[in-house]
Each structure stands twice: as structure tokens, then as C-alpha cells.
Amino acid sequence: MSELEEKSMTSAPTDFIRDIVREDLASGKYTPDDIRTRFPPEPNGYLHIGHAKAICLDFGIAKEFGGKCNLRMDDTNPGKEDREYYDSIQEDIAWLGYEWDGEVKFASDYFPKMYEFAIILIKKGLAYVDDQSAEEIRATRGTPFEPGKESPWRNRSVEENLDLFERMKNGEFPNGSKTLRAKIDMANPNINFRDPVMYRILHEAHQRTGNQWCIYPMYDWAHGLEDSLEGVTHSLCTLEFEIHRPLYNWFLEPLPIPRKPRQIEFSRLNLTYTVMSKRKLLRLVQEKFVSGWDDPRMPTVRGLRRRGYTPGSIRNFVASVGITKFNGVTDVGILENTLREELNHEASRYMAVLHPLKVVITNYPEGQIEWLDAVNNPEKPEAGTRQIPFGREIYIEQDDFKEIPPPKYFRLTVGKEVRLRWGYFIKCDEVVKDDAGNIVELRCTYDPETRGGNAPDGRKVKGTIHWVEASHAATATVREYDRLFQVPEPDVVPEGHDFTENLNPDSLRVLEDVKIEAGLAKLAPESRVQFERQGYFVADRYDHSEAKPVFNKIVGLKDSWAKIVQKEAGK
């Protein structure tokens, strides 16, 4: 056994699919060079977190066992496909950290070969041209408890079927007038075997083949052929394809294909507080419930990236969820916590005041600025320190001051001291209000002996708050994102209701006058940081600039939703 095989047997992740691959290697059925998987997305939308699970599995298994993984666009439906999707799929996969073997492959690469294979089935009496409409085929298919009805065109001669099929290809018939169907068994308990459609007529230009074809293959016919033609050894699919597997094998059996793939099914990834249906995600975009496919509230890979998720956090999340045969719903909090753990170690700390309240330190010299040392990341000593300015005027959070404090309130209030992070003790002496009675300014004094946050006389203060010096502060826009839906399973709605009724009306708040350390404005787009005491934020991928900094909230420091759920449960 090679070193690679030994390593894969001992240190690679374990699940039932990987166990199958290990058994195939151990039995000699395949060598590592033989192992080939594929990721076959339809280029009719953007990838989402569910696709990320399949990507991690397909590419991960190939890499772990010394094999290769193909990227194949399942472009069999020209009316819904677009170059935009081709490009975004490739970019998302590369961003997640994976590399496919060779050039990108396309289902349309195999259209000529699929046509040849269809001719073989017709000649063997295993396929026929049907003149029934789609509605008639659907009506005569039967139910799980009743057999279907055979088409009146089912027993056409081989010669007639060959002639009609060629004429279908040549464009002689209008859309929907004829189909090519497999001739199997209209009474089979597996409805997929009831003479499934293999080709439909569609006079529509294809992105890659133009007007070369007037017939296009159905997915069930194309799926197994594509895998076989590419030499795929392990065809990994989600559970809904399990009932289709016998049909794929039936299609392949009479064809001259030397190696047939082994299809293995696993459960899809479903998350609480979101939807995974491509149709529903498209509605959210088209009906303007979100700003686009890359809206940071969307479960798309683009949306997660713009929200601030890292490739590593997504891969680690998928690994933690595991690969099973059982459908379920994963708490989105697990995804959030996976990222939170990574950023806690990696993200530099900065101070940002989301709801500014001006503080004037009356005993500090006007025009004087001093520079204080601040630790960039206490979890990562090698990240070092930075210099932050301190002066007569600063901003603090509005919530960090209470004129009439509630019990156990340890932040700033009149006559009491609080510690400024990395700075001094200050005490509030006076509250300034406008004509409407709103607090607009605090007048405080500081103790110059407490630089660094400690008093030489040993006196203690319980509260520490963050702040930003006013003259050096930059002004930023901050988008506070929350979960897009306000219930764990937004798909579950009473009859007559729509999933959009479960949208969270507070899933986005935009703050326009946020005061931040000047260094934050200079960060590159997609830089991830912690705003101390606030949460983790990312410089927006598209909108952030030094002149107009824009930050998106990724996650809070703790799972606030878990607290809400616990509180509700305790009522």
C-alpha cells in the first residue's frame, strides 16, 4: 500500500462515502490514479451553502485519495442558462479553495455522443418517439398506487422511430409535438421507470452550441452518460437522486461503456432561518426582498463571502456537520460559531462607536494629542500593538451612559468613574442637553495618573468602555445584518400563505454616522476585524474605500439568538 493510501486510511475524515472509497482501494478495484469525482452544477443560478457541502465532498474526496475532480456544467436547459452563472460558479469554487482537473467540462460537450447512444437504444427496441403532449404524458403516468397507461405510439417500428428521431434533430417539428421516451415498464412501482422522456424538442439557441441542436436531453438520460464518458468512479449525489439510480443503471447497461460509475447518495444541507430552494432564492432577488444574489443575508456563496465568511470557516462547518444518509436541519448558529471561533483568533481588534455621544474632557489640554498603546489581538501575541490617539474630545456609545442608571449598571453615569479601553479613568461631571431634552454632550474629567487603565492608589472601577478620539476619527457606514427570516423553518407555512411572510423586517439596519479608528478606513476590502464589544465586521467587498469606509456586520461576539430562544423557552 502506498504512503498516500496509508495516510488516507488513518488520518482522513471518516464517513460512509469515504469508507466505500477506502474499500474500493483496499480491494484493488481502483488505484488512487483511478479515483475521479465530479461537481456538476446547473449554470442557471448562483451556488449556495448547500452546494458548498457537495463541493467540499466532491473535491475533498478526490484530493484525499489522490484522485481528480471534474467541474462539469450541466448545461442541458438553454433557456435558463447564462454566462454570468458559468463565471460565478468557477469563481466561487476557486474562492472556497478547490481546483478542478483540466478544463471546465460541459454536458453540451457530449450532445453528439448522447445522440449516438439514443440511436443504439432505438435500434434495440428500448426507445420510441411519442406524439403525446407533455400534459398527456403526465396524465397517463399513473400514481404510486396505480399503473400508467401505455402511449398509443409505443409500438412504432424501429425504422419509423429512427426516421422521426432524426427529423426531430433536424428541426422539422415544433416544440412539444414529440419526445423520445425510453421503453421500459408503465406498471413499474418506481415511477421513474414508466417510459421516461429522454429528449424534448426545443427550438432555442444554446450558449455554447448555438442553433446546432433542436432537441435537448433530459437530466435523467444525460446524468449517467456524462459521468461514464468522463470516467467518474464515484458519482456523489443528494438523497433525492437515490430513486433515480436504478434508471441511470438501466440506461447504461445496453451501451458500449467500459466503466460505469458507482452512484452514492448523501443528505442535503438544510439550515435554520433560511431557504435553499433556487426558485425561492430567485424570488427574493427578483421581488427586491434582498439587494441581489450577493446580498450578505443570502445563503449563496457570494452572499456569505460579502457577509465576511471565510473559505476555511465554510469548509470547517461542512466537516463538522458530517456526511450522512439522514435528512435534517442544521442550526445556523453552528455555522456562525464556526466563523466566530476562527475570527476570535485571527481578527485584529479596533474600536468603533456605532451610536456616537460626544464627550469633552474638560481638564485635558486643548489641542493636545497623545498616543496610547493598544493590543491588536490578545489571542495572537505576534499581532503586536498599534498606536491610538487620545485627546480632549472623544466619542463613546450612547448606551454606555445613563443619567439614571438601572441596578448593576457599571458604565458611565454622573459622579462615577469608568475606564476607557487602553486609556484613562474618566468621571462624568455634567450632562448637556438640547432644547428637546436629548443628551448631546457629556462633560467629564480624567485622572492623568491612570494611563493604561490602572490607578496608582489601587482604586477599582468595574466598567470598561470603548471610545474613539474625535479629531482623528473617520466616519463610516455600517450595515448591521441579522437573519433574513424570523422563524427557524421559513418554508413551513399554512396553506394559502407564503414563505416571504416569515421574512425578518429587521434583518438590515444601516448606520451612517459611525465613528471609527482612522486605521479602519485604510483597510483593504474584505478585511475582517473585531469592533471591540460590538462583534465581527468586514470591509465591504465592493463599497468600502478609504474616503467612504463601509463595514458589514458578520456575527456578534456571542450568539444573541440562542439567548432569545432560551428566554422564550423559559416563559
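How many residues, within segment 209-245, are part of a loop (DSSP other than H, G, I, E, B) and not charged (D, E, K, R)? Working first, answer last.
Filtering segment 209-245 for residues part of a loop (DSSP other than H, G, I, E, B) gives 209, 211-214, 218, 230-233.
Add one more test, that the residue is not charged (D, E, K, R), and what stays is 209, 211-214, 218, 231-233.
Residues flagged as part of a loop (DSSP other than H, G, I, E, B) and not charged (D, E, K, R) within segment 209-245 amount to 9.
Please enumerate the residues belonging to segment 248-271 that are acidic (Asp, Glu) and crowded, with 16+ Cβ neighbours inside 10 Å. Full working, then the answer.
Going through segment 248-271, the residues acidic (Asp, Glu) turn out to be 253, 265.
Answer for segment 248-271, where residues must be acidic (Asp, Glu) and crowded, with 16+ Cβ neighbours inside 10 Å: just Glu265.
Here is a check on your reading of the model: is Ala524 at pLDDT 95 or above, small (Gly, Ala, Ser), in contact with a strand residue (DSSP E or B) (Cβ under 8 Å, 6 or more places away or on another chain) and surrounded by fewer than 17 Cβ atoms within 10 Å (Cβ to Cβ)?
So Ala524 passes the test.
Can you tell me which residues in segment 268-281 are over 14 Å from Asn502 (Cβ atoms), at pLDDT 95 or above and either part of a helix (DSSP H, G or I) or hydroxyl-bearing (Ser, Thr, Tyr) (or both)?
Leu281
Search segment 529-561 for residues being in contact with a Leu (Cβ under 8 Å, 6 or more places away or on another chain) and more than 25 Å from Leu420 (Cβ to Cβ), and hand back the single one that is surrounded by the most Cβ atoms within 10 Å (Cβ to Cβ).
If we take residues in segment 529-561 being in contact with a Leu (Cβ under 8 Å, 6 or more places away or on another chain) and more than 25 Å from Leu420 (Cβ to Cβ), then Ile554 is surrounded by the most Cβ atoms within 10 Å (Cβ to Cβ).
Filter the helices (runs of 4 or more DSSP H) completely within segment 99-188 down to those with at least 1 residues that are touching a His at 6+ places or on another chain (Cβ under 8 Å) and among the aromatic types (Phe, Trp, Tyr).
Of the helices (runs of 4 or more DSSP H) lying wholly inside segment 99-188, none has at least 1 residues that are touching a His at 6+ places or on another chain (Cβ under 8 Å) and among the aromatic types (Phe, Trp, Tyr).
Per-residue answers, yes or no, for (1) within 30 Å of Gly303 (Cα to Cα); (2) at pLDDT below 95:
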{"site": "Glu397", "(1), (2)": "yes, no"}
{"site": "Phe401", "(1), (2)": "no, no"}
{"site": "Pro406", "(1), (2)": "no, yes"}
{"site": "Val431", "(1), (2)": "no, no"}
{"site": "Leu442", "(1), (2)": "no, no"}
{"site": "Val478", "(1), (2)": "yes, no"}
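Among the listed residues Arg194, Arg245, which satisfies the condition of being under 24 Å from Ile20 (Cα atoms), modelled with pLDDT of 95 or more, surrounded by 18 or more Cβ atoms within 10 Å (Cβ to Cβ) and out of contact with any Ser or Thr (no Cβ under 8 Å at 6 or more places or on another chain)?
Arg245
Could you list all residues from segment 312-335 that are within 15 Å of the chain's Cα centre (by Cα), of a type in the set (S, T, N, Q) and not in a helix (DSSP H, G or I)?
Thr330
How about segment 125-163: which of its residues are over 21 Å from Leu255 (Cβ atoms) and aliphatic (A, V, I, L, M)?
Passing the criteria: Ala134, Ile137, Ala139.
The values are calculated or read from the model by the stated rules, or taken from the named source; none is laboratory data. Remember, it's a predicted structure, so these values are computed and weren't measured experimentally. Neighbour counts are summed over all protein chains in view; Cβ atoms, including those assigned to glycine, are modelled from backbone coordinates with ideal geometry.
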